[in-house]
Structure formats: C-alpha cells, structure tokens
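Q: Structure incoming, see below.
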Amino acid sequence: MGFTWIVFAIVALYLFNSVKILMEYERGVVFRLGRLLPAAKGPGMVFVFAPIDRMERISLRVETMDVPPQDVVTKDNVTVKVSAVVFFRVVEPLKAVVEVEQFVYATSQLAQTRLRAILGEAELDELLGQREKLNGRLQGTLDEQTEQWGIKVQAVEVKHVDLPESMIRAIARQAEAERERRAKVIHADGELQASYKLAEAAKMLATEPTSITLRYLQTLTEIGVEKNTTVVFPLPIDLIQGLSAWAQSAAKGIQDKTDKG
C-alpha cells in the first residue's frame with residue numbers, strides 16, 4: 001500500500017512538472033525524440049513530457065533592436081557614422097527555431113551589413129533629406145532575407161547620422177549662402193512690385209493735379225508728429241516748372257539781344 005502511494009506521488013509530480021503555461025504572445029516549439037512537431041503549441045496550458053519532449057518558447061511580440069553606429073562611405077565619398085533601429089517580430093515560430101541559430105543575433109548582423117551596403121549607394125544629400133526612401137529600401141531588403149527565417153521586419157529607421165566637423169561647417173556655409181540668395185531675390189521682387197505700384201500712383205495723381213497738394217500736406221502732418229527742428233515747406237512742382245520755363249525764355253531773350261547787338 002505504501003509503495004502504491006509512492007508511485008502515485010511520483011506520477012502526480014511528473015504530470016505537474018509536465019504542465020507548461022504559455023502566455024497569449026508566446027508559442028512553444030516542441031521536439032519529440034529530436035523530431036519537430038508539425039505545429040507550435042499555445043497559448044494556454046500545454047503538456048511537455050520530459051525527457052521525451054523538449055520545448056523552446058518563442059515570443060510573437062514586436063522586438064526593437066538597435067543597430068550600433070556603422071562607418072559608412074557615401075556615394076560622394078563622405079565618411080559618416082550612422083545608427084539605426086530595427087522593428088521585427090516572429091511570424092513562423094517553427095522556422096525561427098529550425099532554420100537559423102539565434103535569430104536575434106542573425107538579424108542584427110544582417111541589419112549591420114545591409115545598412116552599410118544600402119547607405120553606401122546614396123549621396124550625402126539623399127541620406128540627410130530622403131530618409132523615408134532609404135528606410136523603405138532597408139526594410140525591403142532585410143525582410144526579403146529574414147522571410148526564410150520566419151521573421152517579419154516591420155520597419156527600419158535611420159536614427160542618427162554623425163557628420164565630420166569639416167562637413168558640418170561646409171553645410172552651414174551652404175545654408176547661409178542659400179538664405180542670402182533668397183533674401184536678395186525677395187528684396188528684388190519687392191522692388192519690382194513697388195515700381196508697379198508707384199507707376200500706378202503716378203498715373204492716378206496725374207489725373208487730379210490738386211491731389212499733389214493734398215499729398216504734400218499729409219507728408220507735412222506726418223513729419224510734424226515727431227519732435228524735431230526740421231521745417232518742411234512744400235513747393236508745388238508746377239511752380240518750379242513755371243520758373244524754369246520763365247528762366248529759359250529770359251535767357252533766350254538775352255541771347256537774341258546779344259546777337260542783334
């Protein structure tokens with residue numbers, strides 16, 4: 001009777017140890033006598049009968065992996081340090097265990113080599129200004145390779161580009177020159193628009209000669225607001241023209257008298 005209880009206790013303890021709990025995001029890849037079972041187990045409660053069975057837990061959640069800074073020589077021969085981050089997840093647990101050893105390490109090494117290869121085909125301006133395009137190329141080439149490992153690369157993001165000091169100064173000078181060029185273009189465009197408006201105003205004032213006097217008075221009012229000792233006396237242009245015509249006629253009369261004498 002005592003032996004029976006001992007056997008029962010051993011069997012119960014063995015069955016208790018054979019029960020494994022897998023979380024919702026986990027799957028169990030089971031090898032029975034060294035052979036892979038056709039389907040992954042989980043989630044929930046599963047039985048693993050050791051030593052006949054051996055189970056490896058695989059997480060199906062998205063994993064984030066930092067790609068360490070890589071020395072990249074761009075297409076226009078500029079050496080930069082580039083770091084990135086890779087987002088991937090296991091979609092086929094059986095392949096992730098059988099087809100590759102340590103799939104996380106393999107994905108990391110593949111990401112480093114592909115990062116140097118893809119970014120080395122781009123120029124510096126493209127690397128700085130068209131990251132979305134390069135990220136798409138990196139994601140596509142990584143996903144194509146890791147698909148046979150049962151891994152889906154969801155995104156690759158270039159995180160940081162470290163430029164040499166000389167290149168940073170050159171880019172700053174280029175940006176400053178570009179801002180000066182835009183300022184000159186805007187100033188010239190403003191002068192052109194102002195000339196059009198002045199021409200229209202001159203035509204409008206020419207139709208009403210008295211508007212010139214009103215404009216003089218308005219200018220005098222604006223100047224008188226400030227506390228200064230400047231005295232402005234508006235002189236009509238018509239008066240100046242009249243004086244100029246009288247001076248010319250007087251000079252002509254004197255010249256005629258001189259010629260007759």
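The values are calculated or read from the model by the stated rules, or taken from the named source; none is laboratory data. All figures in this text were calculated on a predicted structure; none of them were measured in a lab. All Cβ positions, even for glycine, are placed from backbone atoms using ideal geometry, and neighbour counts span all protein chains on display.
Q: Yes or no: Ala117 surrounded by fewer than 14 Cβ atoms within 10 Å (Cβ to Cβ) and small (Gly, Ala, Ser)?
A: Here the answer is yes, as Ala117 does meet what is asked.
Q: Filter the range 60-73 down to the residues that are assigned to a loop (DSSP other than H, G, I, E, B) and of a type outside the set (Lys, Arg), then identify the one that is surrounded by the most Cβ atoms within 10 Å (Cβ to Cβ). Before the answer, list the steps.
A: Applying the first criterion (assigned to a loop (DSSP other than H, G, I, E, B)) to the range 60-73 yields 60-62.
Imposing the further condition that a residue be of a type outside the set (Lys, Arg) reduces the set to 60, 62.
Details: Leu60: 19, Val62: 13.
That would be Leu60.
Q: Further question: Go through the range 161-178 and count every residue that is farther than 13 Å from Val78 by Cβ and among the acidic types (Asp, Glu).
A: From the range 161-178, those farther than 13 Å from Val78 by Cβ are 169, 172-178; that's our starting set.
If we keep only those that are among the acidic types (Asp, Glu) too, we end up with 176, 178.
Going through the range 161-178 one residue at a time, the tally reaches 2.
Q: Can you run down the residue pairs with Cβ atoms below 6 Å, 6 or more apart or on separate chains, where the first is in the range 123-139 and under 23 Å from Leu110 (Cβ atoms) and the partner is outside any helix (DSSP H, G or I) and among the charged types (D, E, K, R)?
A: Asn135/Glu157
Q: Looking at the range 76-91, is at least one residue hydroxyl-bearing (Ser, Thr, Tyr) and either outside any helix (DSSP H, G or I) or outside the structural domain of Glu132 (by TED's automatic domain parsing) (or both)?
A: Taking the range 76-91 and keeping what is hydroxyl-bearing (Ser, Thr, Tyr), we get 79, 83.
Subsequent filtering for residues that are either outside any helix (DSSP H, G or I) or outside the structural domain of Glu132 (by TED's automatic domain parsing) (or both) retains 79, 83.
Checked against the condition, which is being hydroxyl-bearing (Ser, Thr, Tyr) and either outside any helix (DSSP H, G or I) or outside the structural domain of Glu132 (by TED's automatic domain parsing) (or both), the range 76-91 yields at least one hit.
Q: Could you tell me which numbered condition Leu94 fails, if it satisfies all but one of (1) more than 25 Å from the chain's Cα centre (by Cα); (2) free of Cβ contacts under 8 Å to residues at least 12 places away in the same chain?
A: (2)
Q: Turning to a different aspect of this structure: It is to be established whether one or more residues within the range 60-74 are farther than 30 Å from Leu127 by Cβ, at pLDDT 90 or above and in contact with a helix residue (DSSP H, G or I) (Cβ under 9 Å, 6 or more places away or on another chain). Give the derivation first.
A: To start, the set of residues in the range 60-74 that are farther than 30 Å from Leu127 by Cβ comprises 60-61.
Okay, now just the ones that are also at pLDDT 90 or above, so 60-61.
Now drop any that are not in contact with a helix residue (DSSP H, G or I) (Cβ under 9 Å, 6 or more places away or on another chain), which leaves 60.
Within the range 60-74, one or more residues are farther than 30 Å from Leu127 by Cβ, at pLDDT 90 or above and in contact with a helix residue (DSSP H, G or I) (Cβ under 9 Å, 6 or more places away or on another chain).
Q: A follow-up question, please. Show the residue pairs meeting these rules: Cβ distance below 8 Å; 6+ apart or different chains; first residue within the range 174-198 and among the charged types (D, E, K, R); second residue assigned to a helix (DSSP H, G or I) and surrounded by 10 or more Cβ atoms within 10 Å (Cβ to Cβ).
A: none
Q: Is it the case, given these coordinates, that Ala201 is exposed (fewer than 12 other Cβ atoms within 10 Å of the Cβ) and at negative phi?
A: On the way: exposed (fewer than 12 other Cβ atoms within 10 Å of the Cβ): no; at negative phi: yes.
No, not satisfied.
Q: So which helices (runs of 4 or more DSSP H) are wholly in the range 94-207 and hold at least 2 residues that are of a type in the set (Asp, Glu)? Even if it seems obvious, please write down each step before you answer.
A: Numbers: elements: 103-119, 124-129, 131-146, 165-207.
In the range 94-207, 124-129, 131-146, 165-207 are the helices (runs of 4 or more DSSP H) which contain 2 or more residues that are of a type in the set (Asp, Glu).
Q: For the range 1-32, how many residues are part of a loop (DSSP other than H, G, I, E, B) and at pLDDT 90 or above?
A: Count: 3.
Q: Oh, and also: Scan the range 6-43 for residues that are loosely packed, with under 10 Cβ neighbours inside 10 Å and either in the same structural domain as Val90 (by TED's automatic domain parsing) or under 11 Å from Asp53 (Cα atoms) (or both) and jot them down.
A: Result: Leu33, Gly34, Arg35.
Q: Asp76 is checked against (1) out of contact with any strand residue (DSSP E or B) (no Cβ under 7 Å at 6 or more places or on another chain); (2) surrounded by 15 or more Cβ atoms within 10 Å (Cβ to Cβ) and fails just one. What number does that condition carry?
A: The number of the failed condition is (2).
Q: Residues Tyr25, Tyr14: which one is without any contact (Cβ under 8 Å) to a residue 60 or more places away in the chain, closer than 24 Å to Tyr105 by Cα and among the hydroxyl-bearing types (Ser, Thr, Tyr)? Spell out how you get there, then give the answer.
A: Working: Tyr14 fails: closer than 24 Å to Tyr105 by Cα.
Within the list Tyr25, Tyr14, the selection yields Tyr25.
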